[in-house]
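S.K.: My questions will all concern the structure given below.
The values are calculated or read from the model by the stated rules, or taken from the named source; none is laboratory data. These numbers come from a predicted model, not from an experiment. With ideal geometry, Cβ positions are generated from the backbone for all residues, glycine too; neighbour counts draw on all protein chains shown. When the accessible area is computed, the model is the full protein with side chains, heavy atoms only, and any ligands, DNA or RNA have been set aside. Shrake-Rupley method; radii C 1.70, N 1.55, O 1.52, S 1.80 Å.
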Amino acid sequence: MCAIVGSNGIVSGHYRAAENSGQCRLTWVVGILVLALHAEKIAERPPVVLTLDGYQVLTWKKDDMSKADEMIARVDMALEQVETEMEAEECHGTLTGLFCAKGELTAEEWLKYIGHALDPADLLAREAIETFRTLYDETRKGLNDAVLDFQLLLPGDEISVEERIESLGEWVQGFLLGLSAGGVTELEKIPGDSGEIVRDLVEIARAGSYELEGGEEDESSFNELLEYVRTGVLLINEEMHPSKAPPRTDVTLH
């Protein structure tokens, strides 16, 4: 499956492609479909399959993408429909923060928050709504996983450590935004160790950049920071809503 994208980021048609030794034979199957995308998004994120009323458009070598990268691309495309500067990492952080702040967050509440401007009658808007609903389902499942398998939505290690640190910072900013939007605005009122963790997250979000040594040490330091954020979020979720979060068995903060 392929699609033609102009230099201005506009998809001008909808095609079915047959792959033969890496070559795509394009066959016109439907009339003109105009899908407005920012060109820089095309360059930064590899697009994925979008299913629109039974048809599929916009796919680039899906097999080369991790599950997380695929979801990031889908969420970025959905965010284009709500005309926000937020990117997928921050969006997932915001959703996670809302869950931790409110305890009970319905899909309808999430969709009203993130997609209030979307018109369900619009084809692309419906696709965006479905993506946001999938993100909600996956996040809810992860936060309530009995084996603590919750993962932050971040790009994989095919990009540099510097870029991954930046993405982590965006995720943390989103998490703090979600806490605030969910009603948690005063750090001193957060119970237990959670208040200290949130203050650490504020510092991580403010840091902007870190001094890197170069080599495997950077990779190790990033993984430690990532694990601190991940387990910290789980602890916050547990302490704020102990009856909703999974039992803590192996969460260790360093």
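S.K.: Probe radius 1.4 Å, ligands and nucleic acids left out: which of Tyr228, Tyr136, Tyr113 has the largest accessible area, and how do the rest follow?
M.R.: Tyr113, Tyr228, Tyr136
S.K.: Hey, another quick one. Beta carbons within 10 angstrom, averaged per residue: use that to sort the peptides 79-89, 163-173, highest first. Don't jump to the answer; show the numbers that get you there.
M.R.: Details: 79-89: 17.4, 163-173: 20.9.
Result, highest mean first: 163-173, 79-89.
S.K.: I've got another one for you. In the stretch 151-167, which residues have a backbone nitrogen under 15 Å from the label point lying 7 Å from Glu216's Cα in the Cα-to-Cβ direction?
M.R.: none
S.K.: Here's something else I'd like to know. Could you pull the accessible area for Asp200 with a 1.4 Å probe, rounded to 10 Å²?
M.R.: The accessible area comes out at roughly 60 Å².
S.K.: What do you reckon, how do Lys67, Lys102, Lys141 stack up by accessible area (1.4 Å probe), largest on top?
M.R.: Lys67, Lys141, Lys102
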